[in-house]
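Asks: Take a look at this one; I'll ask things after.
Only the coordinates and a few stated rules stand behind these numbers; no lab work does. Because the structure is a prediction, the values reported are computed rather than measured. Cβ coordinates were reconstructed from backbone atoms using ideal geometry, including for glycine residues, and neighbour counts include every protein chain displayed.
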Amino acid sequence: MSGALERPVPVPATGAATAAVPVLHRSRARWAWALGALAVVAWSLAGAGLFSGEVLNPAGARQFARFAAGALSPDLSGGFVRVLGTSALVTVAYAASGAALAVLIGALGAPLLARTSWGRGRSGWAGWALARALVAVPRGLHEAVWGLLLLNVLGLDPWVGVLAIAVPYGAVTATVFADLLEEVPRGPREALLAAGAGRGTSALYALLPAAAGDLLAYACYRLECAVRSAVVLGLIGAGGLGYQLSLSFTSLRWEQVWSCVYALSLLCVGAVVAGRAVRRRLADPPPAPAGERARGGPRLHRDRLLTAAVAAVAALVAWSWWYLALDPAGLGAERTREQLSLLLAQSWPPRVSGPLLGSLAGAAVETVQMSVVAVALATLGAVLVSGPAARPVHRPGPVRGVLGALLRLGLLLLRAVPAPVWALVLLFVLRPGILPGALALGLYTLGVLGRLSAEAVEELDPRPAQALAGLGAGPAGTWFYAVAPRAAGAVLAYALYRWEVAVRDSVLVGLLGAGGLGAVLATALQTFDRPTATSTLVVLVLLTCAVDLVSARARAVVR
Amino acid sequence: MGAAVRLEGVRVSFGATRALDGVDLHVATGERIALLGPSGAGKSTLLNVLNGSVTPSAGSVQVLGADPAALPGRAARRLRARVGTVHQHLELVGALRVVHNVNAGRLGSWPAWRAALSLLRPQGVAQVAAALEQVDLLERMYERTERLSGGQRQRVAIARVLVQRPELVLADEPASALDPALAGRALALLSGLAAERGGSLLACLHDPALALAHCTRVLGLVEGRIALDAPAARLTPADLADFYGVRR
């Protein structure tokens with residue numbers, strides 16, 4: 001049937017088959033990508049100094065041990081718990097108002113980024129491409145970078161924290177919203193347009209209802225992410241749990257550090273559990289109550305849980321607005337406009353001297369290497385833990401149950417603690433350089449990727465694996481033949497997505513001293529060398545776009 | 001000849017529904033048995049009890065001389081490797097090439113390293129090719145399984161059992177997606193496989209004609225009980241009409 005593709009060859013005389021056995025053709029593209037990826041990982045490990053010795057710093061082992069011991073004796077004194085409570089409120093307030101603003105920006109911006117709203121023809125394509133390119137700028141910069149930039153314009157104002165989340169998140173949300181709307185089938189809307197409905201009303205009746213579930217689910221997801229971003233912004237001074245964590249860290253109060261870590265974990269769990277509950281409900285709504293005909297005609301039923309959730313989020317946003325004392329007038333004030341024009345005037349044109357470009361290229365290479373090492377380690381770790389960390393279909397034995405619970409808790413701690421904090425911890429026992437930064441990023445990414453991989457394994461239909469166990473296959477055989485081949489695509493796609501995120505995050509780790517473009521940017525901002533900062537930002541955005549492109553191509557091959 | 005299967009008073013419940021309700025069954029080595037009955041009669045459950053994936057709530061089970069539920073890990077694996085199943089929903093891995101899905105039949109005897117190596121460089125290709133040729137699917141050997149049609153996948157599942165070479169072959173509607181000619185061949189292959197190793201076959205079938213043509217004994221299951229048990233040679237159309245009448 002497919003003889004054109006598979007060249008038949010004669011079977012050796014010893015072969016049992018009498019007809020021509022087909023020849024195995026491997027996918028060249030996949031092998032090329034796999035070998036390329038291995039080469040890049042090896043190059044990055046070498047660049048991180050792993051093979052050059054002198055990476056460990058044994059002198060810090062005792063401090064590290066003291067830090068680790070703090071895990072079992074967190075500071076739970078009344079005073080500190082109250083401090084943590086207030087800090088958590090600040091973090092939540094930043095996250096809620098930032099995410100709400102981002103969703104608003106996303107909703108308003110989505111039509112500008114949707115291919116269909118630009119019309120057909122070359123000019124429509126050009127307009128759309130330009131809009132997409134423009135959006136890469138706010139997307140490509142980490143929240144912390146936006147925080148530092150906004151600090152220069154707004155000074156110490158709560159708007160800094162809110163906008164630092166809202167600007168990059170708004171850009172991403174607009175892109176995703178546009179993509180979700182594009183995926184809705186065209187037919188129903190065209191029918192309405194043909195019947196004389198306006199562009200707006202036809203979208204309201206034919207586009208929004210079809211995409212509403214996905215849009216709301218994505219908005220929930222953004223809120224979860226915003227909690228983590230708010231913590232990171234705290235690290236660079238915006239207040240809240242992140243700020244408390246960095247205070248406790250710099251004063252070497254390990255018990256307090258661990259209390260902060262546990263508080264962060266609780267906050268993350270709360271956000272994820274609430275978000276997941278809403279998303280599950282959207283994906284699988286409960287049936288309408290029975291017996292409605294008996295009570296005289298159909299009535300409109302709203303899902304109480306969803307209505308309550310929407311009301312709660314609205315109340316949360318209103319409260320955050322009040323709690324942070326956000327004043328819209330502050331954004332349009334005379335002083336802000338002066339500062340902004342001053343900043344722009346000082347920042348333009350960017351510096352393009354030879355030595356600077358050389359060092360920027362070197363820093364970009366470091367950033368890439370840091371992110372590659374981080375994602376490679378995280379992927380390896382995620383593959384190893386995904387099996388045991390996945391919730392089994394049947395009631396597990398005691399050993400398996402405890403191991404799984406411990407692994408899930410460990411992954412939660414890894415992703416609740418921001419990567420820069422892991423970098424500081426690793427600096428106890430590692431010499432400074434990009435390796436501690438890469439490892440820190442790797443630990444954090446492992447927390448995320450491990451959970452995603454475990455979920456990918458949980459979602460697999462258990463029956464093929466059971467069928468193999470039924471014919472006598474051991475755990476390894478079952479894993480190789482029934483679990484790995486089906487989960488590999490999803491796990492690799494997640495890993496590639498996380499690589500894009502890791503490039504952005506490596507800038508954050510760099511801002512706090514781990515090298516790469518982040519370190520260059522931090523120096524430029526501290527010395528008020530604005531032209532250099534502009535050049536660095538341009539390189540950063542270009543690098544992020546390049547990584548997005550490579551990652552998208554690789555995902556297409558994996559699929 | 002020894003007994004391949006010995007069930008006594010086997011009951012299986014899923015929640016409130018009772019899938020098997022006191023089944024006694026002796027299968028001598030070498031017997032080829034067709035299981036008939038309406039859907040929901042407990043045919044699949046009976047096969048799942050025999051391959052050890054369902055443990056009954058009451059009664060005793062002996063498969064090839066051992067109780068699958070009572071054996072410790074390694075011995076249970078060895079027993080399972082001697083029982084081959086063509087599942088109703090096939091349970092193949094679509095993302096794997098056909099050759100690997102067939103080779104999965106040997107996971108009960110292969111060490112882990114060989115199983116892993118085979119994914120990179122297929123092992124035992126000659127046997128896989130022979131099995132695939134028997135089910136007329138040789139040219140699809142290196143195709144991704146998800147690209148195959150339903151009937152082709154069913155034949156991959158049969159090829160998997162062919163390379164497993166079990167002593168007890170269990171087949172749950174192994175010919176449901178095949179045209180009549182192929183269905184007859186599939187049944188002939190499975191009963192030949194059982195005969196070749198001096199083993200036995202139990203196959204759930206919808207088509208009484210297939211059952212009479214390829215099996216030595218016919219069992220009819222209704223609501224978890226055996227309602228018909230007769231040698232195929234002595235079964236008359238009237239018996240079958242009777243049996244199918246009972247369930248209506």
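Asks: So for the pair residue A:212, residue A:549, with labels modelled 7 Å out along Cα→Cβ, what separation do we get in nm?
Replies: With each label placed 7 Å out from Cα toward Cβ, I get 4.0 nm.
Asks: Go ahead and set up a Gaussian network model of chain B, Cα springs under 10 Å, then flag whichever of B:52, B:73, B:224 fluctuates most.
Replies: For chain B, modelled as a Gaussian network with Cα springs under 10 Å, the answer is B:73.
Asks: Rounded to the nearest 0.05, what FRET efficiency is calculated for residue B:69 and residue B:196 with R0 set to 45 Å and r the Cβ-Cβ distance? Can you show the working numbers first?
Replies: Working: r = 29 Å, r/R0 = 0.63.
That gives a FRET efficiency of 0.95.
Asks: Report the charge-dipole magnitude of the protein assembly as shown in Debye, nearest 20, computed about the Cα centre from +1 at each Lys and Arg Cβ and -1 at each Asp and Glu Cβ. Please list the in-between numbers first.
Replies: On the way: 73 positive and 48 negative charges, 85 e Å.
For this selection, approximately 420 debye.
Asks: Order of B:67, A:75 from fewest to most other C-beta atoms within 10 Å?
Replies: On the way: B:67 15, A:75 19.
Listing B:67, A:75 from fewest to most nearby Cβ atoms yields B:67, A:75.
Asks: Taking every pair of distinct Cα atoms and averaging 1/r, then inverting, what Kirkwood hydrodynamic radius in Å comes out for region B:101-248?
Replies: On the way: mean 1/r = 0.0595 Å⁻¹.
Over region B:101-248, the inverse of the mean reciprocal pair distance is 16.8 Å.
Asks: Can I ask one more? If you take every DSSP beta bridge whose two residues both sit in the protein assembly as shown, what share of them, in percent to the nearest 5, is antiparallel?
Replies: Among the beta bridges of the protein assembly as shown, antiparallel pairing accounts for roughly 60 percent.
Asks: Along the Cα-to-C-beta direction of residue B:223, a point sits 7 Å from the Cα; which residues of region B:20-51 have their amide N less than 19 Å from that point?
Replies: B:20-24, B:36-46
Asks: With Cβ to Cβ distances under 11 Å as the rule, what net charge do the other residues near residue A:276 carry (K, R +1; D, E -1)?
Replies: Numbers: positive: A:279, A:280, A:281; negative: A:224, A:455.
In short, +1.
Asks: I want to make sure I understand the PRE zone here: with the label point 7 angstrom from the Cα of residue A:247 toward its beta carbon, which residues in region A:67-111 have backbone N atoms less than 18 Å away?
Replies: Within reach of a label on residue A:247, which here means backbone N under 18 Å from a point 7 Å along Cα→Cβ, region A:67-111 contributes A:75-94.
Asks: Then there is this: Residues of region A:221-256 with amide nitrogen under 14 Å from the 7 Å Cα-to-Cβ point of residue A:303?
Replies: A:221
Asks: Give, as a single signed number, the net charge of other residues whose beta carbon lies under 14 Å from the beta carbon of residue B:199, with Lys and Arg counted +1 and Asp and Glu -1. If you can, show how the numbers build up before the last one.
Replies: Numbers: positive: B:32, B:82, B:165, B:197; negative: B:31, B:167, B:196.
Summing Lys/Arg as +1 and Asp/Glu as -1 gives +1.
Asks: Quick check of the Kirkwood formula: for chain B, what is the inverse mean of 1/r over all pairs of different Cα atoms, in Å? Display every interim value, and only then the final one.
Replies: Details: mean 1/r = 0.0541 Å⁻¹.
Every distinct Cα pair counted, the radius reaches 18.5 Å.
Asks: What distance in nm lies between label points placed 7 Å from Cα along the C-beta direction at residue A:391 and residue A:59?
Replies: Output for this residue pair reads 4.9 nm.
Asks: Taking the Cβ of residue A:162 as the center, what net charge do the other residues with Cβ under 13 Å away carry, scoring Lys and Arg +1 and Asp and Glu -1?
Replies: Working: positive: none; negative: A:143, A:157, A:327.
Here the charged neighbours net out to -3.
Asks: Most mobile of B:174, B:122, B:68 per a Gaussian network model of chain B (Cα springs, under 10 Å)?
Replies: B:122
Asks: Here is a further query. Could you line up B:55, B:85, B:216, A:367 from fewest to most neighbouring Cβ atoms inside 10 Å? Each step should come with its number before you reach the end.
Replies: Details: B:55 13, B:85 28, B:216 16, A:367 31.
Ordered by Cβ neighbours within 10 Å, fewest first: B:55, B:216, B:85, A:367.
Asks: Work out the charge dipole of the protein assembly as shown with +1 on the Cβ of Lys and Arg and -1 on the Cβ of Asp and Glu about the Cα centre, then indicate which of A:475, B:158, A:345 is farthest towards its positive end.
Replies: B:158
Asks: Further question on the same structure: Just rank A:494, A:444, fewest to most, by other beta-carbon atoms within 10 angstrom. Mind showing how you got there, number by number?
Replies: On the way: A:494 21, A:444 28.
By the 10 Å Cβ count, ascending, the order reads A:494, A:444.
Asks: Just need the relative contact order of region A:467-539 here, percent rounded to a whole number, with Cα pairs under 8 Å and 6+ apart. Display every interim value, and only then the final one.
Replies: Details: 37 pairs, mean separation 9.8, N = 73.
Answer for region A:467-539 is 13 percent.
Asks: What is the projected area of the convex hull of the Cα atoms of region B:186-248, averaged over all directions, in nm²? If you can, show how the numbers build up before the last one.
Replies: Values: hull surface 18.0 nm².
Reported value for the Cα convex hull: 4.5 nm².
Asks: Report the label-to-label distance for residue A:348 and residue A:50 in nanometres (one decimal), using points 7 Å from each Cα along the Cα→Cβ vector.
Replies: For residue A:348 paired with residue A:50, the spin-label model returns 4.4 nm.
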